[in-house]
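K.L.:
Here you go, one structure.
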Amino acid sequence: MSQFSHVPKPIPDPILYINALYNQDTNPNKVALGVGAYKDENGKPWILPSVRKAEEIISSDLAKYSKEYPPQAGYPLFLKTCQELMLGDDHIALKENRVATCQSLSGGGSLHVGLCFLNENYEGHDFYFPGITWPTHFVLYEKVYRKTPYFEYTYLYEDGKLAIDFEGMKRDFVNARDGSVFLLHACAHNPTGIDLTKQQWVEVKDIFKAKKHVAFFDLAYQGFATGSFEEDGYSVRMFAEEGVEMVVAQSFAKNFGLYGERVGACHIVHSDKHNSQLSANLQGVMCTIIRKTWSMSPVHGAYIIQTIGQDPELKKQYFEDVKTMSSRIKKMRQMLYDELVRIGTPGDWTPIKTCIGMFTFTGLTPAQVEYIKVKFSVYLLVQGGRMSMCGLTEKNVAYVANAMKQTVENVK
């Protein structure tokens with residue numbers, strides 16, 4: 001008998017499990033609305049034209065774009081591009097040298113680095129997650145913080161209403177111990193697609209300044225949500241300008257379509273103006289964390305990001321590509337909503353068109369999610385019936401709407 005025979009069967013990741021079931025499904029009408037990956041109008045993966053051009057530039061000069069080890073923190077031009085995309089080219093925090101940046105492995109790796117940094121270098125803090133969030137947040141926290149419990153703050157109303165309970169949220173921010181850390185979704189909240197307004201972000205910022213809270217932003221969808229890096233980066237840019245100290249986990253999986261490249265960055269924004277030594281120290285600590293985990297970050301994705309970010313024409317093309325993706329998602333939201341209403345589907349489907357970004361809470365129950373999967377081969381995430389809008393196309397939207405109508409009529 002193997003010495004490892006005691007190892008139990010693992011609990012499958014809910015998102016990856018749904019994708020595996022979809023791949024095994026033989027129904028020609030099947031629709032994947034679980035995994036968060038952009039697809040074009042034909043339901044196929046889309047490589048951005050700007051990314052294709054960057055790939056050509058990189059492959060034409062392998063002496064310049066070599067496969068050697070990069071600097072521990074990442075290439076300087078890559079780090080510069082990350083900061084400029086996050087904050088804008090001339091943000092005051094960059095001018096005051098208040099930003100420390102290190103390349104990381106997309107969203108998950110960036111979150112891991114940020115969590116390790118806080119756990120090892122910020123003693124005695126309480127950590128808060130929104131009442132509903134990306135499930136992987138909890139997994140990463142427990143891996144890093146071990147037995148230290150986390151807290152949750154109010155996000156949606158408890159009665160199931162698909163709207164932010166902002167008064168409850170503010171109350172939790174105010175009642176928390178000074179200097180607490182709060183995980184915030186910068187835009188396109190995952191999994192609900194329901195975001196704070198600009199005015200609400202201002203109120204949150206004021207509370208954070210008064211309470212000296214640390215903001216931990218998950219920045220996975222900047223530009224992808226509305227088509228504008230400025231709009232989607234409003235919260236992060238405003239917090240940084242006002243001197244709120246924060247950690248930012250930045251991912252380029254969604255907004256560059258680089259899902260398999262695993263490229264991102266972790267930033268620490270501090271409040272000491274023109275203290276470049278502190279920025280260097282913070283970057284050095286992040287490098288140490290990375291050295292103890294995956295050692296060196298991969299270069300190819302970084303080459304793509306810096307090539308696009310430092311070429312004015314390519315950057316212009318990239319911003320158009322981002323608008324193409326966000327516009328198609330908005331179009332599919334409207335089409336699904338219109339079809340649900342046209343065929344008389346019971347319920348209020350307004351959030352389908354008002355939510356932002358890749359995901360939407362449909363409000364379907366676990367039993368309804370199971371029914372629509374078995375009966376129609378439409379795959380959603382069980383949690384809130386989360387739907388990835390990217391899986392919808394003009395060809396399948398009527399099929400999905402009809403499946404939803406029959407589901408809510410037959411499964412109460």
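K.L.:
For the range 305-320, what are the residues that are in contact with a Ser or Thr (Cβ under 7 Å, 6 or more places away or on another chain), polar (S, T, N, Q) and part of a helix (DSSP H, G or I)?
P.N.:
Filtering the range 305-320 down to residues in contact with a Ser or Thr (Cβ under 7 Å, 6 or more places away or on another chain) leaves 305-306, 308-310, 314, 317-318.
From what's left, polar (S, T, N, Q): 306, 310, 317.
Hits for the range 305-320 are Gln306, Gln317.
K.L.:
Sticking with this one: With Met387, Met358, Met335 as the choices, which residue is under 26 Å from Gln103 (Cβ atoms), aliphatic (A, V, I, L, M) and not assigned by TED's automatic domain parsing to the domain that holds Ser110?
P.N.:
Step by step, each of Met387, Met358, Met335 is checked, and only Met358 is under 26 Å from Gln103 (Cβ atoms), aliphatic (A, V, I, L, M) and not assigned by TED's automatic domain parsing to the domain that holds Ser110.
K.L.:
Which one of these is under 27 Å from Phe224 (Cβ atoms) and surrounded by 14 or more Cβ atoms within 10 Å (Cβ to Cβ): Tyr122, Tyr145, Tyr141?
P.N.:
After ruling out the rest, the residue left standing is Tyr141.
K.L.:
Please specify each residue of the range 174-203 satisfying the condition of being touching a His at 6+ places or on another chain (Cβ under 9 Å) and either farther than 28 Å from Gly385 by Cα or not assigned by TED's automatic domain parsing to the domain that holds Leu85 (or both).
P.N.:
The answer is Ala176, Arg177, Asp178, Gly179, Ser180, Val181.
K.L.:
From Lys331, Lys405, which residue is charged (D, E, K, R) and without any contact (Cβ under 8 Å) to a residue 12 or more places away in the chain?
P.N.:
Lys331
K.L.:
Of the residues in the range 302-320, how many are crowded, with 23+ Cβ neighbours inside 10 Å and either modelled with pLDDT under 95 or of a type outside the set (S, T, N, Q) (or both)?
P.N.:
Selection size over the range 302-320: 6.
K.L.:
Here's something else I'd like to know. Are there helices (runs of 4 or more DSSP H) fully within the range 207-304 with at least 2 residues that are touching a residue at least 12 places away in the same chain (Cβ under 8 Å) and under 29 Å from Glu56 (Cβ atoms)? List them.
P.N.:
By residue number, 229-232.
K.L.:
Residues that are modelled with pLDDT under 95 and out of contact with any Gly (no Cβ under 8 Å at 6 or more places or on another chain): does the range 196-218 have at least one?
P.N.:
no
The values are calculated or read from the model by the stated rules, or taken from the named source; none is laboratory data. If you're wondering where the values come from, they're calculated on a predicted model, not measured in any experiment. So basically every Cβ, Gly included, is an ideal-geometry build from the backbone, and we count neighbours across all protein chains shown.
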